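Report on the following structure.
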Amino acid sequence: MFTGLIREIATVKSYQNNILTIQSKHQAKLGDSIAINGVCLTVIEVNSDGFNLELADETRSIIDESKISGRVHIEPAMQMSDRFEGHVVQGHVDCVGEIVNITPRENATDFIIKVEPKYIAHIIPKGSITIDGVSLTINDVYHDSFRLTIIPHTLRETLMGEYQLGSKINIETDLFARYIDHILTNREQKKSMNWSDVDNLQMSY
């Protein structure tokens, strides 16, 4: 589990044969979970200046290759003793979005991000969303896009200040919105268990 608060901007040294090599100040341990631009990956080797991670086929089929090059956001998995900030993030990317509009405001910048319409059901006005691993609040939601308002601090401390029109971004929608949508979508297709069903199930063991 992650919080969507970026701990460091690291550098991709190489990406070959599904192995991603990261140069980082973070002292990783073998088997650690680390989110790279919002993608939860496992450390398979520790180096003197960073660590290696492996990308599964499923992961590579979802993300854009631009997300595993250059500078990247990293966040180690949350520990039980950590202060909980941001929001609940799994590191499971749902889709890749595209920045279609950037509008500077007096003390913030608006980003409009386009996604496939089927993901809009999980994107809620004033709800949470993760963009390249960054926990953010949604302002408005449209048919196939949504608007974020990014404060100067976030632009300075993350890679969002470098985003341009056409930039591709990893998106993880809200965990609870996905759960609720799945339950409501499938409840008519599945018979609910009653107490008689529970008793029969218990007696079968």
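The values are calculated or read from the model by the stated rules, or taken from the named source; none is laboratory data. Quantities reported herein were computed from a predicted structural model and do not represent experimental measurements. All Cβ positions, even for glycine, are placed from backbone atoms using ideal geometry, and neighbour counts span all protein chains on display.
Of note:
- A search for C-beta distances below 7 Å between a residue of region 117-132 that is small (Gly, Ala, Ser) and any residue that is not in a strand (DSSP E or B), counting only pairs 6+ apart in sequence or on different chains, returns ALA121/ASP181; GLY127/ASP174; GLY127/ALA177; SER128/HIS87; SER128/ASP174.
- Among the residues of region 63-82, the one identified as over 21 Å from LYS25 (Cβ atoms), touching a residue at least 60 places away in the same chain (Cβ under 8 Å) and aliphatic (A, V, I, L, M) is ILE63.
- Within region 48-61, the set of residues being surrounded by 14 or more Cβ atoms within 10 Å (Cβ to Cβ), among the hydrophobic types (A, V, I, L, M, F, W, C) and farther than 11 Å from THR21 by Cβ comprises just one member, LEU55.
- Count of residues meeting criterion [buried (at least 16 other Cβ atoms within 10 Å of the Cβ) and modelled with pLDDT under 90] in region 68-89: 4
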